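See structure below.
The values are calculated or read from the model by the stated rules, or taken from the named source; none is laboratory data. Predicted model, so just to flag it, every value in this text is computed and none were measured. When we count neighbours, we look across all protein chains shown, and the Cβ atoms used for this are built from the backbone with ideal geometry, even at glycine.
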Amino acid sequence: MKKIMSIVAGFAFAFLATVAIRLWPELTRPKHVDPAFRLPSPLELALFPTAARFDFPLGSENGAMTYNAQPFTKNHHLGDDLNGIGGEDSDLGDPIYAIADGRVLLARDGGPGWGNVVIVLHAYIENGERKYVQSYYGHVEAMLVHAGEDVRRGQQIAEVGTGGGHYFAHLHFEMREFITPFIGPGYRADTRGWLDPTAFIKAHRGAPEDDVGRARMR
Ligand SMILES: [Zn+2]
């Protein structure tokens, strides 16, 4: 009997540990939540505009005139560090564009090491299924949007910054599968919940004839 109890306890512990690991981004979320922030309700999510295609956030729509100084997973990086090809601070103040139609979840100071952070949530259709993906723009200088605002693909939402003087100007850009506006650690060995931003955008560029985005905004 004792043996059975310890096996049951072992299973219970393993189950709880698995749940804890899956919820880790939620559990480690800062306790301070922007009062302006509210998670979209299922009804609101259903009414989100559907993003037809995704562009790169810096340089041209397909990322020309930029380079990736630290790609996703390198040194446990949870995003891409995108820079203008001039290097150092030559891209300070350059426009950062929304990668697709969506709604701003968060636009505020992300705390030490981050500077200003903008998070946009996008709805899109894949294999007939409606899905959600988050784009995350870190270390930005000026923020040109507010939480709750709808944005269009190619709309300028921020300027490239230095994270409050911590780095040479660059855009820390993440893409995530969860919908909560979690600021995050920037680096983590466990990348579950995070996507390879470059791979995702390349796979969701859409048909060329549908490309009426950033050119329209100019
Ligand atoms: Zn980074």
#### Entry: Failed criterion for L92 (all others in (1) under 19 Å from H170 (Cβ atoms); (2) modelled with pLDDT under 95 hold)
(2)
### Task
Could you tell me which residue of the stretch 41-87 is nearest to N127 (Cα to Cα), considering only residues that are touching a residue at least 60 places away in the same chain (Cβ under 8 Å), assigned to a strand (DSSP E or B) and within 13 Å of the ligand (Cβ to nearest atom)?
D80
### Task
Show the residue pairs that are 6+ apart or on different chains and have beta-carbon atoms under 8 Å apart, the first residue being within the stretch 151-176 and free of Cβ contacts under 8 Å to residues at least 40 places away in the same chain, the second being within 16 Å of the ligand (Cβ to nearest atom).
Y167/H139
### Task
Select from the stretch 91-103 the residues that are aliphatic (A, V, I, L, M) and within 25 Å of G165 (Cα to Cα) and list them in ascending order.
L92, I96, A98
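Per-residue answers, yes or no, for (1) within 16 Å of the ligand (Cβ to nearest atom); (2) at pLDDT 95 or above:
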{"site": "Y124", "(1), (2)": "no, yes"}
{"site": "N127", "(1), (2)": "no, no"}
{"site": "Y132", "(1), (2)": "no, yes"}
{"site": "G165", "(1), (2)": "yes, no"}
{"site": "A169", "(1), (2)": "yes, yes"}
{"site": "R176", "(1), (2)": "yes, yes"}
{"site": "Y187", "(1), (2)": "yes, yes"}
{"site": "P208", "(1), (2)": "no, no"}
{"site": "V212", "(1), (2)": "no, no"}
